[in-house]
Amino acid sequence: MNEIEREQRFGAHHYAPLPVVLSHAKGVWVWDVEGNRYLDMMSAYSAVSHGHAHPRLVAALTTQAQRLAIVSRAFYTDRLGALLERLCDLTTLGGALPMNTGAEAVETAIKAARRWGYSVKRIPADKAEIIVADGNFHGRTTTLVGFSSEPAYRADFGPFAPGFVHVPFGDIDAVRAAITPNTCAVLFETIQGEGGIVIPPDGFLRALRQLCTEQNVLMLLDEIQSGLGRTGRWFAYQHENIVPDGIMLGKALGGGLLPVSAFVARRDIIDLFEPGSHGSTFGGNALAATVALEALDVMADEDLPGRSAEMGEYLLSRLHAIHSPLIREVRGRGLWAGIEIDPALADAHDLSMRMLRRRVLAKETRSTVLRLAPPLVIERAEIDTCISALKAVLAEAESDV
């Protein structure tokens with residue numbers, strides 16, 4: 001029995017992985033069990049932004065694991081405070097609440113928004129509303145899929161929690177019309193990643209910041225995929241020179257080694273949590289805090305946001321130069337690109353399979369978009385390798401039409 005057969009026999013079939021069994025990795029490259037080398041153009045949905053097995057991160061992990069890892073939040077440790085301080089300094093926000101997965105960070109933000117709505121804005125009990133965007137993806141918990149607009153994420157998992165109002169992503173007039181006295185927050189991804197690297201119109205975030213301030217509504221941004229250098233800035237909202245009331249971080253915060261996330265917000269929002277109101281056995285553990293702090297240090301020392309801006313400009317210029325009838329649109333910012341495929345002419349999953357055969361790892365999203373999100377340490381020559389493979393795959397698929 002090979003490893004693919006073993007997973008399929010004993011595991012739930014909730015993923016459809018590409019048929020390759022990976023065994024080790026370094027930087028932007030991964031190897032399968034047969035010794036074949038592949039260029040990683042996914043970086044685990046931005047979780048491996050620093051590259052695989054970064055030596056500083058591996059050293060921080062192993063050293064701390066030999067000292068202290070998990071004691072729960074029942075006690076203080078000598079590691080967590082420094083991480084919380086760094087997150088507050090980076091975001092210019094006043095407090096941080098550490099969790100593990102991105103979904104947990106979003107759930108934390110929802111609890112904070114509702115508590116703020118009741119205790120500060122004086123919304124009547126159980127009437128708080130949060131405005132969310134069509135096409136969103138914030139995680140897989142029942143609350144989060146409950147306000148997804150993707151039928152496959154919701155099917156047979158109801159009933160779902162009420163209190164969420166949908167508007168088109170990037171439509172400031174729709175947000176304005178949706179606000180009522182019971183609105184406590186607007187919760188958007190800064191850029192929709194799972195939706196296909198969908199970027200809102202220029203000026204939308206500035207207008208949203210102004211509207212939320214005017215209407216006494218919290219502006220909460222999900223930066224789990226878009227944050228920590230992915231778009232060429234530390235955070236994607238910085239492209240419009242604003243500061244939200246709270247953000248959710250994850251993915252790259254764990255340095256590609258551990259699940260680490262956080263909700264970072266204004267001090268008065270964070271202070272609404274008291275002992276017993278929220279928690280996590282693993283959230284903020286000493287091992288996770290050590291790795292996350294080192295991940296932030298490495299990102300600063302190696303200027304990975306700057307590298308993302310430079311290499312991202314090159315990647316997007318190469319993608320825009322490809323002329324293929326299969327491509328409807330190329331969208332992107334930094335080292336994050338979505339290639340919209342005409343479904344009448346080609347299938348994005350088929351293209352990812354063809355890329356695999358050319359030893360480049362990429363994956364489709366929403367069935368029509370081929371998504372590229374390599375580690376931020378990628379070089380021009382490695383981008384050229386991806387582009388060459390992509391051009392060959394498009395030509396191959398075009399000839400099959």
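So, in the range 337-351, how many residues would count as being over 24 Å from P374 (Cβ atoms) and of a type in the set (D, E)?
Taking the range 337-351 first, the residues over 24 Å from P374 (Cβ atoms) are 342-345.
Next cut, of a type in the set (D, E) only: 342.
Counting residues in the range 337-351 that are over 24 Å from P374 (Cβ atoms) and of a type in the set (D, E) gives 1.
Every condition in (1) modelled with pLDDT under 95; (2) within 29 Å of G246 (Cα to Cα) is met by S367 except one, and the failing one is (2). I'd like to know if the range 154-163 contains one or more residues that are modelled with pLDDT under 95 and within 21 Å of the chain's Cα centre (by Cα). Checked against the condition, which is being modelled with pLDDT under 95 and within 21 Å of the chain's Cα centre (by Cα), the range 154-163 yields at least one hit.
Please work out which residue is nearest to the chain's Cα centre (by Cα), limiting yourself to the range 36-94 and to residues that are assigned to a helix (DSSP H, G or I) and more than 17 Å from M299 (Cα to Cα).
L80
Annotation note: Cβ proximity below 7 Å between a residue of the range 266-295 that is modelled with pLDDT of 95 or more and a residue that is among the hydroxyl-bearing types (S, T, Y) (sequence gap 6+ or interchain) occurs for L272/S119; H278/T108; T281/S72; A286/T77. Here the range 268-285 is the region considered, the condition is being acidic (D, E) and outside any helix (DSSP H, G or I), and the residue that is nearest to A74 (Cα to Cα) is E274. The listed residues are E294, E329, E310, and the only one of them that is closer than 19 Å to T77 by Cα and acidic (D, E) turns out to be E294. When each of R114, R122, R140, R79 is tested for being over 18 Å from F235 (Cβ atoms), among the basic types (K, R) and in contact with a strand residue (DSSP E or B) (Cβ under 9 Å, 6 or more places away or on another chain), the lone residue that passes is R114.
Quick one: in the range 22-35, which of the residues that are in a loop (DSSP other than H, G, I, E, B) and in contact with a strand residue (DSSP E or B) (Cβ under 6 Å, 6 or more places away or on another chain) is surrounded by the most Cβ atoms within 10 Å (Cβ to Cβ)?
For the range 22-35, the residue satisfying everything is V28.
Is it true that some residue in the range 130-140 is at pLDDT 95 or above, assigned to a strand (DSSP E or B), out of contact with any helix residue (DSSP H, G or I) (no Cβ under 7 Å at 6 or more places or on another chain) and crowded, with 20+ Cβ neighbours inside 10 Å? Yes, the conditions are met somewhere in the range 130-140. Number of residues in the range 29-55 that are among the β-branched types (V, I, T) and under 16 Å from G229 (Cα atoms) equals 1.
Among what's in the range 201-252 and is of a type in the set (D, E, K, R) and surrounded by fewer than 24 Cβ atoms within 10 Å (Cβ to Cβ), pick the residue that is farthest from E313 (Cα to Cα). If we take residues in the range 201-252 being of a type in the set (D, E, K, R) and surrounded by fewer than 24 Cβ atoms within 10 Å (Cβ to Cβ), then E214 is farthest from E313 (Cα to Cα).
Can you name the residue in the range 256-291 that is polar (S, T, N, Q) and surrounded by fewer than 22 Cβ atoms within 10 Å (Cβ to Cβ) and, of all such residues, is farthest from S226 (Cα to Cα)? The selected residue is S277. If you filter the range 356-379 down to residues that are free of Cβ contacts under 8 Å to residues at least 60 places away in the same chain and within 23 Å of E313 (Cα to Cα), you find that the one that is surrounded by the most Cβ atoms within 10 Å (Cβ to Cβ) is L370. Criterion applied to R122, R114 was being part of a helix (DSSP H, G or I) and out of contact with any helix residue (DSSP H, G or I) (no Cβ under 8 Å at 6 or more places or on another chain), and the one residue passing it is R114. E294 fulfils the conditions (1) assigned to a helix (DSSP H, G or I); (2) among the charged types (D, E, K, R); (3) surrounded by fewer than 18 Cβ atoms within 10 Å (Cβ to Cβ) except for a single criterion, (3).
Please find, within the range 211-267, the residue that is farthest from the chain's Cα centre (by Cα) out of those that are part of a helix (DSSP H, G or I) and within 20 Å of H54 (Cα to Cα). Checked the range 211-267; the qualifying residue farthest from the chain's Cα centre (by Cα) is G254. Of all residues in the range 171-184, those being touching a strand residue (DSSP E or B) at 6+ places or on another chain (Cβ under 8 Å) and either under 16 Å from R206 (Cβ atoms) or assigned to a strand (DSSP E or B) (or both) number 3.
The values are calculated or read from the model by the stated rules, or taken from the named source; none is laboratory data. Since the model is a prediction, treat every value here as computed from it, not as a measurement. Cβ atoms come from the backbone with ideal geometry, glycine included; neighbour counts cover every protein chain shown.
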